[in-house]
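The values are calculated or read from the model by the stated rules, or taken from the named source; none is laboratory data. These figures come from a predicted structure and were not determined experimentally. Reconstructed Cβ throughout: ideal geometry from the backbone, glycine too, with neighbour counts over all protein chains shown. We work out accessible area using only protein heavy atoms, side chains counted, and drop any ligands, DNA or RNA first. Shrake-Rupley method; radii C 1.70, N 1.55, O 1.52, S 1.80 Å.
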Amino acid sequence: MTAPQLIAGNWKMNGLLGAKAEVTALVQALNGRKHLPDILICPPATLLRALIDAVEQGSIRLGGQTCHAKPNGAHTGDISAEMLKDAGASCVIVGHSERRTDHKETSAEVAAQATAAWRAGLTAIICIGETEAERVSGKTETVLAAQIDGSVPTDATPQTTAVAYEPIWAIGTGKTASLADIEYAHAFIRQRMAAKLGATGSAIRLLYGGSVKPSNAKEILHAKGVDGVLVGGASLKATDFLAIIEGAKPG
Ligand code: 13P
């Protein structure tokens, strides 16, 4: 049996307490619907507790946006996977390109974060993707291969892990990758994951992220090799995120 598609929203550094109304509206709109995909919202960690009651009755899970590799300690400003779990998360995004760029996170650190997520009982969404410069100079495959090799621990399983392909040039730019680009990259990632992890690597869900919106979600979600999407800006509004969820294959 294949897993349902995963529709994940990454709110990034957006959302105050008032954003709970969007989540409540989404829960209400989804109420009673059948054959839903898996749905995840990753708000800022400050909102996890507040959103827990909003999602309690529904089919939405919550996640964090990063975690420290250690369970606790002298790491001012950081949050551990155990803390995210304690606050109500069931998943955490690791290795997002904005973390790799803004905080100089390396693939080795991302792999350690994924392992920390599993230690705490969270699933990990491990992000990879090439820059515009790497793409135009024909380095996409080399970059993706290195990120898979370095960021995806060898004991990743479909139950504990998803991989998100987020070409950096498509993030927040409105410039979505073409379906051909997405299918090509996903086929490459799938083959590399299978080479690294065997049958397990063939079953781990592969998400696409980068300017996914209501107008393009359905065709992306029906593209070959796409097991879900990781959505930034368009996950902030219940109506937009709902329209994206509706584009998924029936779960
Ligand atoms: P946008 O959907 O805003 O392009 O962001 C994508 C992303 O980075 C999700 O993690």
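If packing is taken as the mean number of other Cβ atoms within 10 Å per residue, what is the order of 199-210, 120-131, 153-164, highest first?
Values: 199-210: 20.8, 120-131: 23.4, 153-164: 19.1.
By packing density, highest mean first, the sequence is 120-131, 199-210, 153-164.
Could you sort 106-112, 62-68, 240-246, 133-139 so that the peptide with the highest average Cβ count within 10 Å comes first and the rest follow in order? Let's see the in-between values first.
Details: 106-112: 18.1, 62-68: 23.6, 240-246: 20.7, 133-139: 13.0.
Listed from highest to lowest mean packing, they are 62-68, 240-246, 106-112, 133-139.
Counting only lysines at least 8 places from Lys218 when in the same chain, those with an alpha carbon closer than 24 Å to its own are Lys12, Lys34, Lys175, Lys237, Lys249. Placing unit charges on the Cβ atoms only, positive for Lys and Arg and negative for Asp and Glu, gives the stretch 192-251 a dipole magnitude near 200 debye about its Cα centre. Cross-link partners of Lys85 among lysines, defined as those whose alpha carbon lies under 16 angstrom from its own and excluding same-chain residues fewer than eight positions apart: Lys70. Annotation: amide H-H contacts under 5 Å for Ala124 (H modelled 1.01 Å from N, sequence separation of 5 or more, or interchain): Val92, Thr161, Ala162. A 1.4 Å probe run over the protein chains yields, for the stretch 84-182, 40 Å² of accessible area per residue, whole-number rounding. Membrane-span-like helices of the chain, defined as complete DSSP H segments with a Cα extent of 20 Å or more along the helix axis and a mean Kyte hydropathy of at least -0.5, are identified as 179-197. On full extension, the segment bounded by Lys104 and Asp86 gains 3.8 nm, given 0.36 nm per residue less the C-alpha separation. Working from label points 7 Å from Cα in the Cα-to-Cβ sense, the Asp53 to Lys249 distance is 3.9 nm.
Projecting the Cα atoms of Cys127, Gly225, Ala195 onto the charge dipole of the chain (Cβ charges, centred on the Cα centre) puts Gly225 farthest toward the positive pole. Would you mind calculating the relative contact order of the chain from Cα pairs under 8 angstrom and at least 6 residues apart, reporting the percent as a whole number? After rounding, I find 22 percent. Among the protein heavy atoms of the chain, carbon and sulfur supply 56% of the accessible surface, probe 1.4 Å, non-protein parts ignored.
Determine, from the Cβ-Cβ distance of Glu132 and Lys34 and an R0 of 41 Å, the FRET efficiency 1/(1 + (r/R0)^6), rounded to the nearest 0.05. Could the numbers behind the result be given before it?
Numbers: r = 41 Å, r/R0 = 1.00.
It comes to 0.50.
Using the alpha-carbon positions of the chain, Rg (one decimal) and Dmax (whole number) come out as 16.8, 49 Å. Subtracting the Cα-Cα distance of Thr142 and Ala187 from 0.36 nm times their residue separation leaves 14.8 nm of extension gain.
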